[in-house]
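Derivation of every value follows stated rules applied to the coordinates shown; laboratory data play no part. In this text, all values refer to a predicted model and were calculated from it rather than measured experimentally. No Cβ is skipped: glycine too gets one built from the backbone with ideal geometry, and neighbour counts run over all protein chains shown.
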Amino acid sequence: MSLIDCRFFSGFLRRRTLLQLSTVNCQLSMKALFLHPNFPAQYRHIITALGENPKNQIVFGTKNERPEWTIPGVRKAVFTPSREPNAQTHQYVRPLESAVIYGQAVFRMAEQLKSEGFVPDVICGHSGWGPTLFVKEAFPNTPLLCYFEWFYHSIGSDADFDPAEPLTVDDMARIRVKNAPILIDLYSCDWGLSPTYWQRSQFPPELQKKLSVLHDGVDTDYFKPDPGAKLVLPNLDLSGVDEIVTYVSRGMEPYRGFPEFIESIAYVQERRPNCHVVVVGSDRVCYGRSLPNGESYKDYMLKKVPLDLSRVHFVGPLPYGLYLKVIQASDVHVYLTRPFVLSWSMIESLSTGCLVIGSDTGPVREVIRDGENGLLVDYFSPKQVADRIDEVLDHPTRMAEIRIKARQTALERYSLAKMLPQQLELIYQVANRSMPPTVGTEPERELAASFAVRI
C-alpha cells in the first residue's frame with residue numbers, strides 16, 4: 001500500500017509493546033543500523049519501538065528517505081548510488097551490477113557514519129538490492145541480521161508457474177544470476193530471517209539453518225472487524241450495496257492473478273446483477289513481465305473481457321485508513337498469487353474477518369485451510385473463483401464461522417503484538433551473538449508440516 005499514515009502504529013500498541021520489551025532488556029542502550037532502499041519498509045514497527053527508547057541510537061540508511069515521514073528517535077542517513085547499471089552490461093549481470101552500486105553507496109555512507117563516531121551494535125538489512133553487500137567491510141565486528149524475502153528459481157516456483165509463459169534459456173540463466181547478491185549475504189550475514197516457512201523453503205537447504213521464520217506482523221487492533229461497515233470513499237459511495245467483492249494488490253499484474261480475477265468477475269456479473277467489485281492498487285507491473293507493447297494489464301483485460309464498469313470500481317492506491325474501510329466492508333476478498341512472496345494485504349484482510357478466497361499456491365496454503373479460515377481455489381480457474389464467490393454470498397450464515405477463524409488465525413499467528421517482541425528479541429540475540437537454535441527442531445518440524453512445508 002502507499003500513502004501510509006504514521007499514526008497507524010497506535011499509542012495503545014506502543015504502550016503494550018514497551019511492557020513486553022522489558023523481557024528482552026530493552027532498557028539497555030543499543031546502536032542499530034537499518035538498511036533498505038525505501039524508508040521505512042518492513043522495519044517500520046521495529047524502528048518505531050526502538051526509537052521510543054531515548055538510550056538507543058537508531059540510524060536508517062536509505063535511498064528514498066521520504067522526508068514527509070519521520071519516526072521519533074530514528075535518524076535517516078541517505079545513500080546515493082553513483083550511477084545506473086551500464087546499458088552495455090550483459091543482461092544476466094545487470095541486477096548484480098545494480099546491487100554492487102547500491103552496496104558501494106552504502107559503504108560510503110557507513111564510512112561517513114564511522115567518521116562521526118557511530119559504530120552500530122547490530123546491522124539489520126534487506127537482502128537482494130545490494131545495501132548489505134559491503135557493510136561488513138565497513139563494520140567488520142558488527143553482527144549482521146539480513147531479511148531474506150525470496151530466493152529465485154527458474155523451475156518449481158513463480159517463474160515457470162504459468163505454462164502460457166515458457167522460459168527461454170536466457171530467462172533461466174538470468175534468474176540464476178539474480179541470486180548472486182543474495183548468496184553473498186547468506187554467506188556473510190551472522191543470521192537471517194524469512195517471513196514465512198514456505199519462503200524460507202526456497203533457499204538452499206544447507207543455508208536454511210541460519211534463517212529464522214518471523215512474519216512482519218499485522219496490527220490486529222487496527223485491522224479489526226467492523227460489523228455492519230458500509231463502504232464510503234471520497235469518490236465512491238457503496239453504502240447502499242449489499243454485495244461487495246474486493247481485490248487488493250500493489251500492481252495489476254499476472255503475478256497477483258489480476259487477469260484471472262477480471263475473468264472471474266465476468267462470470268459473477270452474469271449471475272449477480274447487484275454485485276459490485278472494488279479494486280485497490282496501481283495500474284502497473286511490480287513483479288514479472290510487462291506486456292511487450294507497453295499496454296497495461298488493466299487496459300488489456302478490459303478490452304478482452306467485457307464488463308459492466310458501472311459495477312467495477314478501480315480506486316487506485318489508498319492510504320491505510322481508506323484501505324481499511326474497503327476490507328472491513330468487503331463481503332468477499334479475492335487474493336490470487338503465483339508461488340511467490342506473501343502479501344501483507346492477505347493477512348490484514350483475515351484480521352478484519354474478511355472471507356478470503358485465496359489461490360491454492362505455496363504461500364497461501366501456509367495460512368489458509370480450505371473451509372476452515374478461508375477458501376482455496378485453482379489459480380488458473382476464473383470460473384471456480386466465481387463459483388466460490390457465489391458460495392460465500394449465498395451462504396452468509398455458514399461463512400460466519402470461517403470469518404471468525406480468519407480473525408483467530410491473524411491473532412494467533414500473525415499479530416504484531418506477538419511478532420514484534422520476537423523480532424526485537426532476535427535483534428538483541430544477534431547483537432549479543434547468542435543466535436537462536438538452528439532450524440529443524442521437532443516442534444518446528446510439526447508446525448511446518450501442518451503448513452505443508454518441508455524443512
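Structure notes:
- Electrostatic tally near SER98: other residues with Cβ closer than 14 Å to its Cβ, Lys and Arg +1, Asp and Glu -1, net +3.
- Pairs of Cα atoms farther than 10 Å apart, the stretch 225-264, %: 78
- Rounded to 5, the percent of DSSP beta bridges in the stretch 232-414 classed as antiparallel: 10
- For the chain, the antiparallel share of DSSP beta bridges with both residues in that region comes to about 5%.
- Ratio of Rg to Rh over the chain (Cα coordinates, Kirkwood Rh, two decimals): 0.96
- Inverse of mean 1/r across different Cα pairs in the stretch 232-414, Kirkwood, Å: 16.3
- GluC sites (Glu not before Pro) restricted to DSSP loop in the stretch 57-103 with at most 10 other C-beta within 10 Å: GLU68
- Once both labels are positioned 7 Å from their Cα atoms along Cα-to-Cβ, the gap between THR70 and ASP308 label points is 5.2 nm.
- Packing rank of 233-240, 46-53, 330-337, where each peptide gets the mean count of other beta carbons within 10 Å, highest leading: 330-337, 46-53, 233-240
- For the stretch 267-334 versus the stretch 138-162, the spacing of their alpha-carbon centroids is 30 Å.
- Net charge of the neighbourhood of ARG66, taken over other residues with C-beta under 12 Å away and scored Lys/Arg +1, Asp/Glu -1, is +1.
- Ordering of 98-111, 296-309 by burial proxy (mean other Cβ atoms within 10 Å per residue, highest first): 98-111, 296-309
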